[in-house]
Each structure stands twice: as structure tokens, then as C-alpha cells.
Amino acid sequence: MGAGDISSCDNDNDEATAKLLDEIPGTVFVLGDNVYIDGAYFEFTDCYDPTWGRHKDRTKPVPGNHEYFTAEAAGYFDYFDSIPSYYAYDLGAWRIYALNSEIDVSSTSEQVRWLQNDLEANPRHCVLAYWHKPLWSSRYEDGKDSKFEALWKIFHDAGAELIVNGHIHNYERFAEMDVEGEHASPGLRQIVVGTGGVNHDGYVTSLSTSEVRNASTYGVLKLILSRTSYSWQFIPVAGESFRDSGTTHCH
């Protein structure tokens, strides 16, 4: 379970979402912009560590653009004990990719070459990836950030199941899509969950593949990764009622 866009010393919303983690076992993912505003080491220790940092020993993080407001994201890498810039890990039957959207993700980049090699070397029936900035969002005026089209195509062509992102401070779940972002089943699904606590963003358009949206609730996304399927559940902070859930088979 997890979210992005989490901690600020200016509010206590991250404590409310951290309390959800306190009650849920399993791996924690953080989707970047984990602490504001510059991702400095002291911000991690003073603002993030007392809340989501309670679960640091089970957290698999990625950085966001605010981490890179500090040169080379030094605060992020120092706090998370020099974790690799991008990496993969196994969780049950799943192969999971934690990527870095703030460095080169073009089709010829070192990161993408590594990704393609790892997908080939570690074939799995079920594949999940997460990074900070989404390809698709109803927050974008034209609906997408084309910088991430190469990553989307790679995972789509590999038969991956799910992409999870932050950056946009709201919740948005998409239908399964093809390589062009059109409805397709089976296809690749994206969920944006930038609901960790910093603040909220609205929407400027409505993509045809956008199935569920909420821009007023903080919370976390819980994923249950089974051998041949996955289930998702958006869990709101105490006092809020918005929820979203469903199940899809791996393909």
C-alpha cells in the first residue's frame, strides 16, 4: 500500500495517512514528492520520519521532482540509505519495478535499457510498475505527458498489469488501455494516487478512459497481489467516505 506527495511540516495530513499504514501489514510504496518542499535531508528527518518514516524498514520508495530540488536528490538518497535510483524486486509471484521519472526515460536511456533487459531476464505472469509522474491524467490540459510514452509501450508490450503514479495531488483510476491509451481488455491500467497529504489538485479535462476521480480525499491505495490477479482498494483517512475497489486478472 502507499501514495505519493506526502509530507509537509505545514500540516498534519501525512499523520492521518500514516495512521492507515499503522493498521495495514505488507510492503509500503512511496511515489515521490515524499517530503516538501525541497526534499532536503532535514525535511525527511523532521517532517517525513515521524509519520510515514515509522514504516521505513518496509518501504520501497521512488523519488519525485521535489526530491530533485535538492541537488542530485541527495536528501532522498541519504535518508533511504543510498537506495538505487531505480530497481526491481519480487513480491510473491509478482515482478515489481520502482523507476525514476526524474532522470532520462527515453527509449535509448540507460534506465530503459536496464528495464528491457530485466523484463527479458525475469518473465512473470503478473507485473506492476510505479514511478512519480504519470503518463495519463485529467489534470493535464492535453491529457498526457508524452515523456513517459516509451515506458508505457514497454510495459504494455510486455503484458504488464498495472502502473501506479503520484505527482498529481488527487486520485484517478483508469480503465485498461492499449499502447495508444484507448480502451482495451486485456490492457494496461494506470492509477494515480497523489493523496498522501500535501494538498489537492483539481482536474482540467476528463479523459474517456478515466473511470473514477476524487480530488478532495487523502488516503492510501491498498493492493492485494495474488498469483494470477490483483485487487485494489482506496482507503480514505478517518472521517472521509470516498472509496474505490475492484479486481482484475493478470494477462
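The values are calculated or read from the model by the stated rules, or taken from the named source; none is laboratory data. For clarity, every value in this text was computed on a predicted model and none was experimentally measured. Here the Cβ positions follow ideal geometry from the backbone for every residue, glycine too, while neighbour counts run over all protein chains shown.
If a residue must be assigned to a loop (DSSP other than H, G, I, E, B) and surrounded by fewer than 16 Cβ atoms within 10 Å (Cβ to Cβ), how many such residues does the stretch 55-97 contain?
6
With aliphatic (A, V, I, L, M), surrounded by 17 or more Cβ atoms within 10 Å (Cβ to Cβ) and more than 23 Å from Thr248 (Cα to Cα) as the only criterion, which of Ile154, Ile163, Ile168 stands out?
Matching residue, one of Ile154, Ile163, Ile168: Ile168.
Whether any residue in the stretch 234-245 is in a loop (DSSP other than H, G, I, E, B) and in contact with a Gly (Cβ under 6 Å, 6 or more places away or on another chain) is what I want to check.
For the stretch 234-245, residues in a loop (DSSP other than H, G, I, E, B) and in contact with a Gly (Cβ under 6 Å, 6 or more places away or on another chain): present.
Test of understanding: among Val193, Val127, which residue is closer than 30 Å to Asp12 by Cα and either surrounded by 24 or more Cβ atoms within 10 Å (Cβ to Cβ) or touching a Gly at 6+ places or on another chain (Cβ under 8 Å) (or both)? So that I can check it myself, show each step before the final result.
Details: Val127 fails: closer than 30 Å to Asp12 by Cα.
Residue meeting the stated conditions: Val193.
Does Gly202 fit the bill of being surrounded by fewer than 18 Cβ atoms within 10 Å (Cβ to Cβ) and over 19 Å from Trp52 (Cβ atoms)?
yes
Return the residues of the stretch 139-196 that are assigned to a loop (DSSP other than H, G, I, E, B), within 30 Å of Tyr48 (Cβ to Cβ) and either β-branched (Val, Ile, Thr) or modelled with pLDDT under 95 (or both); say none if nothing qualifies.
Arg139, Tyr140, Ile168, Thr195
Need pairs with beta-carbon distance below 6 Å; first residue touching a residue at least 60 places away in the same chain (Cβ under 8 Å) and within the stretch 1-14, second among the aromatic types (Phe, Trp, Tyr); sequence gap 6+ or separate chains.
Close Cβ pairs (under 6 Å, with a partner that is among the aromatic types (Phe, Trp, Tyr)) amount to Gly2/Phe29; Ile6/Trp52; Ser7/Tyr48; Ser8/Tyr36; Asn13/Tyr218.
For the stretch 16-37, name all the residues that are assigned to a helix (DSSP H, G or I), of a type outside the set (S, T, N, Q), surrounded by 15 or more Cβ atoms within 10 Å (Cβ to Cβ) and in contact (Cβ under 8 Å) with a residue 40 or more places away in the chain.
Those that are assigned to a helix (DSSP H, G or I), of a type outside the set (S, T, N, Q), surrounded by 15 or more Cβ atoms within 10 Å (Cβ to Cβ) and in contact (Cβ under 8 Å) with a residue 40 or more places away in the chain: Ala16, Leu20, Leu21.
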